[in-house]
1. Taking H placed 1.01 Å from N in the peptide plane, check which residues at least 5 places from GLU41 or on another chain put their amide H under 5 Å from its amide H.
2. May I ask which residue of GLY232, PHE277, GLY328 lies farthest towards the positive end of the charge dipole of the stretch 74-346, with charges of +1 (Lys, Arg) and -1 (Asp, Glu) on Cβ and the Cα centre as origin?
3. Past the 19 Å Cα-Cα mark, which pairs from LYS206/LYS251; LYS250/LYS280; LYS138/LYS206; LYS108/LYS138?
4. Place a point 7 Å from Cα of ILE21 in the direction of its Cβ. Which residues in the stretch 62-82 have their backbone N less than 19 Å from it?
5. Nearest 0.05, what FRET efficiency do GLU54 and GLN169 give at R0 = 35 Å with Cβ-Cβ as r?
6. Distance from the Cα centre of the stretch 23-74 to that of the stretch 127-182, in angstrom?
7. So if R0 is 30 Å, what FRET efficiency would ARG322 and ASN342 give, r being the distance between their Cβ atoms, rounded to the nearest 0.05?
8. Compute the label zone of ALA372 within the stretch 400-418: residues whose backbone N is under 16 Å from the point 7 Å along Cα-to-Cβ.
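None of the figures in this text is laboratory data; all of them are computed from the coordinates on show. Model, not experiment: these values are computed from the prediction. Methodologically, a virtual Cβ is constructed for each residue, glycine included, from the backbone with ideal geometry; neighbour enumeration extends over all protein chains shown.
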Amino acid sequence: MNQHLNANDLTTVVENDKAHIWHHLSQHAPYEKIDPRIIVEGKGMRVWDQHGKEHIDAVSGGVWTVNVGYGRESIANAVRDQLIKLNYFAQTAGSIPGSMFAEKLLQKMPGLSRVYYANSGSEANEKVFKMVRQISEKKYGGKKNKILFRDRDYHGTTITCLSASGQPQRASQYGPFTPGFVQVPHCLEYRSQFEDSENYGEQVVKATEEVILREGPDTIGLMCLEPVTAGGGVITPPDGYWEGIQNLCKKYDILLHIDEVVCGVGRTGTWFGYQHFGVKPDFVTMAKGVASGYAAISCAVTTEEVFDMFKDNSDDPLNYFRDISTFGGCTAGPAAALENINIIENEDLLSNTVEMGHYAIDQLSGLQDKHAVIGQVRGKGLFLGAELVKDRSTREPMDEKMVAAVTANCMSQGVIIGMTNRSLPGLNNTLCLSPALIATKDDIDEIISSMDIALSEVFE
C-alpha cells in the first residue's frame, strides 16, 4: 500500500513547509537542520508520512480528534454533496444540516435543548463565558460575573480561555488576562493536596466550597470543568466528586459548564463524559470529535431555561446574545457531524470503546507491573494515561525530557502516542492514549508493545 508515495517527489512540499508554515505547538529551530514531518495519507487508524512510512495513530490526529478514523468516504461525500447545494449562510438564518444535526445531537443530551454553532473548542467555551457575563448583567446587576475553573484543566487558547487555564505553562507570557476567573483545586487523588486523602472526593468538594465562600457566592456565575481532565494528565474524578460539585452549584446558584471538547461524542464510551456521573449541566461545549476532523465545527449547548433569559424582553434592543461566529454558518460542519454520529451508531462504536477501553487499561496495567517507572494508570473508555515517576514510593515525577524520549522512541517504531507537555511545571509526566473508537485488540496490542519496547530502551 502507498508505494505511489515513494514515487512522488515531495521535496517542494517540504521546502514550502519549512519556508512558510508556522506549526502549532512547535519550536521551529530544529527545522533548520531537519525536515518537518508531512502527513500525506490516512486510512483507518494508520497514517503515512512523506517518506511512505506507516504509523499507527494512537492519538487520533495528534489532539484527540479523528474519533471514527481516517478515510471515511461517507463523511467526505456528505460534505461534498452539501457544499454543492449550499456551502454557507450566516447563522442569522438556518440551514438543513444545521437543523438536522442539532436534533440528532440533542437526542443524546436529555435536558439540553439549544445549540450554538462555532468553529473551535476555544470559541465555544468563550461563547459560554460571554453568555454568563451577559446573564450577570441582566439578572444580577453585573455582580455575579466570576467564573471558576479547575487546576490542571484547559479550556482553550484565546486570551479569555487562557484566563481559565489551570495549566500555567500554557498561559505563561500571554497575560494580562481577562479578570474575574478564579481557580479551584484539582481532583487528582494520586497527587493529593491533603495530608489525609481519606474520602478524597469529598475533601476536594469541600476545598472548592471554601473558594466559593471566600470569593462570595453572590459574585460567582459559572463553574467550568472538564468531565475527565485531558491535557492536564488524563484525570478521572474520584468517587463523590461530581455529586458534590453538582450540589455546590445548586446550593449557591452557580451555572455548571462541562467542557466536552475532548471527551465528547464517544471518547469515554458514552456520548458525553458527564453522562458517566449523573451530572445535569447548564452548558456543554464540544469540538474535536464532533465531526472527527472532517470539517471544522464546535457547539455550545444549553438548556431552554438559559435560552429564555435572552428573549425575555424583546422591546430591549440589547436583550439578545449579540454574537456571531462567521464560520458557524458553514454547512460542511454539521453535515460531517451528522454522518459522524451515524457511523458511531451504525458500527456500535460506543460499545467498542467500552470493550477496548477495558482491554487497554488491562494491558497498561500489565506494563505497570513490568516497568517500575509507571506510577499510575488511569482513564475512561479510549481515553487513557500512564503517569511516569522516578520512584513509586515518593511519586517524584519523571523529567519531561525522559517522557518525551518515550514518545520519540514509539514514533521511531511507527506508533504515535501523546504526553502532557509544557503545561504544568514539573508535572508533564503522563503518557496519553486516545486511539480512534474503531480500535481493535490487535491495534491496542501494537500500541502497548511499542510502549513496552520504548520504556525498556529509555529506562532500563
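1. For GLU41, the qualifying residues are TRP48.
2. The Cα lying farthest towards the positive end belongs to GLY328.
3. Values: LYS206/LYS251 13 Å; LYS250/LYS280 11 Å; LYS138/LYS206 30 Å; LYS108/LYS138 31 Å.
Pairs exceeding the cut-off: LYS138/LYS206; LYS108/LYS138.
4. Flagged as within label range: 62-66, 70-71.
5. On the way: r = 33 Å, r/R0 = 0.94.
Given R0 = 35 Å and the Cβ-Cβ separation, E is 0.60.
6. If we compute the Cα centre of each part, the gap is 32 Å.
7. Numbers: r = 35 Å, r/R0 = 1.15.
Efficiency computed from Cβ-Cβ geometry: 0.30.
8. Nothing falls inside the zone, counting backbone N under 16 Å.
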